[in-house]
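**Student:** Before anything else, here's the structure in question.
The numbers here are math on the coordinates, done by the rules we state, and not lab data. The shown structure was predicted, so the numbers you read here are calculated from the model rather than taken from an experiment. Virtual Cβ from ideal backbone geometry, glycine too; neighbours counted across all protein chains shown.
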Amino acid sequence: MSYIDHYKKLIEAELKSNKNFYFMRAVAPGADYFIENGFPLKKKGNERWKYLDLRNVTSSNFIKSIYEERMSTDFESVLEKLNSCGINIVEDEILIVGDEDNHLAGRNFIEPEGIGASSPSKTNIGEIANPEEDGFIALNAAVADITSFWIDENFSKKALNIVFAGQSQDERLVTERMCIKILKNTEVTINEIHFDSNFNTLNIPVLEIHLDKDSKLIHNKVILGSEKDMNFNFTRVFQEEGSSYQNNSFCHSPSIGSNDIKVIMSGEGSECDLRGIYFTNNKNQFNTHITVDHLAPNCKSNQFFKGVLSDESKAVFSGKIFVEKGAQKTYATQKDLNLLMSKGAEIDTKPSLEIYADDVECSHGATAGNVDENTLYYMMSRGLKKETATRMLVRGFVDEMINSISDDKIRKFTSNQTELILPNLAFK
Amino acid sequence: MDNKILEIKNLKALVSETGEEILSGIDLEIGDGETHVIMGPNGGGKSTLVNVIAGRDSYEVSSGSIKFKSKNLLNMNIDERSREGIFLAFQYPSEIPGVRPWQFMKAAVDAKRKANGDPELSVREFSKIYDDNLKKININSDLMKRSLNEGFSGGEKKRNEVFQMMMLEPNLALLDETDSGLDVDALKAVGDAVNNLRDSKRSFLIVTHYQRLLDHIKPDFVHILINGKIAESGNSDLVKKIENDGYESFA
């Protein structure tokens, strides 16, 4: 039996349960697409995934995780980890995903003023994250656990923490789908934090975010991978006029996975600023795939990513800037800088620009290098041991990204996580 | 009896990568508290000499010896040499993104103290010394909130080198063209800082192209380095001879 047959059964069972009845317009195309195409395993003509070896995705027949399993042993320890950087359930809004069927009324989350669940009939699932774009998104759409809500001005200036607490069983498939609408003139922060527990799981979270006119979202995304799990993480953003989207990603690679962000700048005068750091080690493979579609004039976008790669790990950065014919006065930049800590590490960095307007300003740049010998010499000449100097250098390289995170608690959290990650990277 | 802090005997060194010999038999002794100046034409080996003393591993010492405080310097790593009391003010200091000058110096000072068996300084104790020295060398403290040397002008970088020297209080300071690229005010500040640090326990080896630094710092000895060898040594009168006759007359 091919793996597709396995998922076909799984999809049919989901459809029978009628749970996703309201969302059929996204579920059906997702199901059809996946059953026909499966995971994007073919290398040929497959720009997004061509550098990664995705065969492990089909090595197990993953079954859907259920709520009882999901209330993982880790729940308390997850809160503890968050607590250490100041996020706690007394002061903060924490939505633990998978906590209950109705996420917005889980035991740890009472709908605060300014946030409300969208009725299923008004949910725009699949409108921003096209199920036919990618096999992973399609599978997510076909069997998704859907949470849909809006945030309005009454929640402005506050932060919502969405925590994916990890799985406690092997061979489970987790397909969370969140559709979030930020209403007009609202300014919020969303902290999306994935604690991946060390089980053989296939996580495919998809966030669809709609930014209304003049709204502003700061989206901090933290992926803490483990040696066993797989995490293919998708963010799809649709921006209306005058809106602003900022994404700070902090990713420690799972065994294999991706941080895949696409921003559709549909409204004039909108801005997006996408930044991130990725760490890869052991034999892990991690893909950072960024697409910014400039569809309207006078929009500004920035992509700035950094990677720290060690051991025999592999990272891919593919960043695309697309400028539609009418999107004049577009200003778009892209930069990807990589630090290779060991000889066996590999980075494939691939910028791509597709521009149909004639009055635009676009730039891109990528570097990959080892720790600079001159700089090491300079630091050691001040009495620092090579290892201390190297660690300080890498920390400095990372801190440039962390320091631009405006949410104090997440900045502290990612800074603490960096201290935990760095000793696991081989500085040789 | 005169104590020699540095004794270099028949030192030959080459570029590791190419095998090209740069230093072809240097003999040099520096006594406690002495200030030596090295001048010479481009490519003569001035920078190489101070970098070999500091331990840069892109050079290979093919023969000869260097003793520092009577210890074999060539057995020590770059960082050990520094903790032992050698400081090199770089001609081209590195820019280090994300590393704050304060944090960097705290780590360096603590590393040295630890090596000497002294306890680490408290943040308060360290900050006081740090701020005092910044004032002395006249560096804007806002500048030091940036990443180390990032966005610093040429002159600011050189001042920062002298500042680090003040913080680390070496027994032997090597200044590699610290005066180049400085305006008159900065040159005076660097000269004053060096003069303030001169005492019987601290020696200087200063590489320079220009006589104007020597208006501020009066050296005890001047050496002329040509083709990897010291062509002539003397006192500051030698500087005048260079001005009048150029280096050609020594070759």
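**Student:** Return the FRET efficiency for the residue pair A:E47, A:A13: r is the Cβ-Cβ distance, R0 is 41 Å, and the value is rounded to the nearest 0.05.
**Tutor:** Details: r = 33 Å, r/R0 = 0.81.
For A:E47 and A:A13, the calculated efficiency is 0.80.
**Student:** Okay, next question. Using a simple charge model, +1 on the beta-carbon of Lys and Arg, -1 on the beta-carbon of Asp and Glu, nothing else, what dipole does segment A:125-234 show about its Cα centre, in debye to the nearest 20? Intermediate results must be reported in sequence, preceding the final value.
**Tutor:** Details: 10 positive and 18 negative charges, 86 e Å.
Here the size comes out at about 420 debye.
**Student:** Right, something else. To the nearest 20 debye, what charge dipole does segment B:4-250 have about its Cα centre, counting +1 at the Cβ of each Lys and Arg and -1 at the Cβ of each Asp and Glu? Kindly include the intermediate steps, with their values, before the conclusion.
**Tutor:** On the way: 33 positive and 39 negative charges, 144 e Å.
For this selection, approximately 700 debye.
**Student:** Let me have the 222 nm mean residue ellipticity of the protein assembly as shown computed from DSSP H runs of 4+ only, each contributing -39500 (n - 2.57), with the sum over all residues rounded to the nearest 500. Could the numbers behind the result be given before it?
**Tutor:** Numbers: 15 runs with 173 residues, N = 679.
Computed ellipticity for the protein assembly as shown at 222 nm equals -8000 deg cm²/dmol.
**Student:** Name the residue from A:S301, A:N282, B:S70 whose Cα lies farthest towards the positive end of the charge dipole of the protein assembly as shown, charges +1 on Cβ of Lys and Arg and -1 on Cβ of Asp and Glu.
**Tutor:** B:S70
**Student:** Also: So what's the gap between the Cα centers of segment A:373-428 and segment B:22-78, to the nearest angstrom?
**Tutor:** Taking the Cα centre of each part, segment A:373-428 and segment B:22-78 sit 32 Å apart.
**Student:** For the pair B:D132 and A:D5, how long in nm is the line joining their label points, each one 7 Å along Cα→Cβ?
**Tutor:** Distance between the two pseudo-spin positions: 8.2 nm.
**Student:** Related question: Note the full-extension length gain between B:S180 and B:R146 as 0.36 nm times their separation in residues minus their Cα-Cα distance, in nm to one decimal. Mind dumping the intermediate values first?
**Tutor:** On the way: separation 34, 0.36 × 34 = 12.24 nm, distance 2.34 nm.
Gain on extension, B:S180 to B:R146, equals 9.9 nm.
**Student:** Further question: For B:I226, list long-range residues whose amide hydrogen, built 1.01 Å from N in the peptide plane, is under 5 Å from its own amide hydrogen.
**Tutor:** Answer set, sorted by chain and number: B:A231.
**Student:** Over all alpha-carbon pairs in segment A:295-412, figure out the percentage whose distance exceeds 25 Å. Before the final figure, lay out the partial values.
**Tutor:** Working: 2869 of 6903 pairs.
Looking at segment A:295-412, the distances longer than 25 Å represent 42 percent of pairs.
**Student:** Starting with the highest mean, order A:144-150, A:396-402 by the number of other Cβ atoms within 10 Å, averaged over the residues of each peptide.
**Tutor:** Values: A:144-150: 22.0, A:396-402: 20.4.
With the highest mean Cβ count within 10 Å placed first, the list reads A:144-150, A:396-402.
**Student:** Quote to one decimal, in nm, the extra length available between B:E29 and B:V15 on full extension: 0.36 nm per residue of separation minus the C-alpha distance between them. Display every interim value, and only then the final one.
**Tutor:** Values: separation 14, 0.36 × 14 = 5.04 nm, distance 2.35 nm.
Using 0.36 nm per residue and subtracting the Cα-Cα distance, I get 2.7 nm.
**Student:** Also, quick follow-up: Modelling each spin label as a point 7 Å along the Cα-to-Cβ direction, I'd like the A:A357/A:S84 distance in nm, to one decimal.
**Tutor:** The modelled label-to-label distance comes out at 4.6 nm.
**Student:** Dipole of the protein assembly as shown, Cα-centred, from +1 at each Lys and Arg C-beta and -1 at each Asp and Glu C-beta, to the nearest 20 debye?
**Tutor:** On the way: 81 positive and 103 negative charges, 207 e Å.
Value, rounded to 20: 1000 debye.
**Student:** Count neighbours as other Cβ atoms within 10 Å of each site's Cβ, and list the trypsin sites (Lys or Arg not before Pro) in segment A:153-187 that are DSSP loop with at most 13 such neighbours. Spell out each step's value before the answer.
**Tutor:** On the way: sites: A:K157, A:K158, A:R172, A:R177, A:K181, A:K184; in loops: A:K157, A:K158, A:K184.
Passing both the DSSP loop test and the Cβ count: A:K157.
**Student:** So what's the convex hull volume per residue for the Cα atoms of segment A:203-246, in Å³?
**Tutor:** 49
**Student:** Using the Kyte-Doolittle scale, which helices in chain A average at least -0.5 and also have C-alpha atoms spread 18 Å or more along the helix axis, with helices defined as whole DSSP H runs? Please list the in-between numbers first.
**Tutor:** On the way: long enough: A:3-16 (20 Å, -0.69); A:24-37 (19 Å, 0.04); A:386-402 (24 Å, -0.01); A:408-421 (20 Å, -0.92).
The answer, listed by residue number, is A:24-37, A:386-402.
**Student:** Work out how much length A:E171 to A:K64 would gain on full extension: take 0.36 nm times their residue separation and subtract the Cα-Cα distance, in nm to one decimal.
**Tutor:** Extra length from A:E171 to A:K64 when fully extended: 37.7 nm.
**Student:** I've got another one for you. Work from the charge dipole of segment B:1-150 (Cβ charges, +1 for Lys and Arg, -1 for Asp and Glu, about the Cα centre) and give the residue of B:G44, B:G85, B:A107 farthest towards its positive end.
**Tutor:** Towards the positive end, the residue furthest out is B:A107.
**Student:** Sticking with this one: Find the percent of Cα-Cα distances in segment A:76-207 that exceed 26 Å, and round it to a whole number. All intermediate terms of the calculation are to be shown ahead of the outcome.
**Tutor:** Working: 2022 of 8646 pairs.
Within segment A:76-207, distances greater than 26 Å cover 23 percent of Cα pairs.
**Student:** While we're looking at this one, here's another question. Just to be sure I understand: of the beta bridges DSSP finds with both ends in the protein assembly as shown, what percent are antiparallel, rounded to 5? Don't jump to the answer; show the numbers that get you there.
**Tutor:** Values: 28 of 179 bridges.
So the antiparallel bridges in the protein assembly as shown amount to around 15 percent.
**Student:** With r defined as the distance between the Cβ atoms of B:D199 and A:E91 and R0 fixed at 60 Å, what FRET efficiency is calculated, to the nearest 0.05?
**Tutor:** Working: r = 56 Å, r/R0 = 0.94.
About 0.60, to the nearest 0.05.
**Student:** Choose one of A:P131, A:S118, A:S342: the residue whose Cα lies farthest towards the positive end of the charge dipole of segment A:3-371 (beta-carbon charges +1 Lys, Arg; -1 Asp, Glu; about the Cα centre).
**Tutor:** Farthest along the dipole direction, towards plus: A:S342.
**Student:** Per residue of A:370-380, how many C-beta atoms from partner chains lie within 10 Å of its own C-beta, taken as a mean?
**Tutor:** Values: counts 0, 0, 3, 3, 6, 8, 3, 11, 11, 10, 11.
Partner-chain Cβ atoms within 10 Å, mean over residues of A:370-380: 6.
**Student:** For labels at B:D57 and B:E120 in the simple 7 Å Cα→Cβ model, what's the distance in nm?
**Tutor:** Using points 7 Å along Cα→Cβ, the separation is 2.6 nm.
**Student:** So what's the net charge close to A:T414: Lys and Arg +1, Asp and Glu -1, counting the other residues with Cβ under 15 Å from its Cβ?
**Tutor:** Working: positive: A:K81, A:K221, A:R275, A:K306, A:R395, A:K409, A:R411, A:K412; negative: A:E192, A:D399, A:E400, A:D407, A:D408, A:E419.
For residues surrounding A:T414, the net value is +2.
**Student:** In the neighborhood of A:V237, defined by Cβ-to-Cβ distances under 15 Å, what is the net charge if each Lys or Arg adds +1 and each Asp or Glu adds -1?
**Tutor:** Working: positive: A:R177, A:K181, A:K213, A:K216, A:K221, A:R236, A:K262, A:R275, A:K300, A:K320; negative: A:E127, A:E133, A:E192, A:E208, A:D212, A:E240, A:E241, A:D260, A:E271, A:D273, A:D293.
Within the 15 Å Cβ shell, the charges total -1.
**Student:** Please give me the summed charge of the neighbours of A:E133: other residues whose Cβ is under 11 Å from its Cβ, Lys and Arg +1, Asp and Glu -1. Numbers along the way, then the final one.
**Tutor:** Details: positive: A:R48, A:R236, A:K262; negative: A:E132, A:D134, A:D260.
So the environment of A:E133 carries a net charge of 0.
**Student:** A follow-up question, please. Taking the mean number of other Cβ atoms within 10 Å as a proxy for protection, how do you rank A:133-140, A:4-11 from highest to lowest? Let's see the in-between values first.
**Tutor:** Details: A:133-140: 25.9, A:4-11: 16.9.
My ranking of the peptides, most packed first, is A:133-140, A:4-11.
**Student:** Something else now. Over the Cα atoms of segment B:4-250, each weighted equally, I'd like the Debye log10 I(q)/I(0) at q = 0.15 Å⁻¹, rounded to two decimals.
**Tutor:** The computed values of log10 I(q)/I(0) come out as -1.09.
**Student:** Measuring from the lowest to the highest alpha carbon on each principal axis, how far does chain A reach, largest first, in angstroms?
**Tutor:** Sorted largest first, the three principal extents are 68, 51, 51 Å.
**Student:** Turning to a different aspect of this structure: If we count other beta carbons within 10 Å of each Cβ, what is the order of A:D214, B:D142, fewest first?
**Tutor:** B:D142, A:D214
**Student:** Regarding segment A:357-400, what whole-number volume in Å³ per residue does the convex hull of its Cα atoms give? Walk me through the intermediate numbers first.
**Tutor:** Numbers: hull volume 4.8 nm³, N = 44.
In segment A:357-400, the Cα hull volume divided by residue count equals 108 Å³.
**Student:** Moving to a separate point now. Can you give the FRET efficiency to the nearest 0.05 for A:K157 and A:N124, using r as the Cβ-Cβ distance and R₀ = 30 Å?
**Tutor:** Numbers: r = 26 Å, r/R0 = 0.85.
Given R0 = 30 Å and the Cβ-Cβ separation, E is 0.70.
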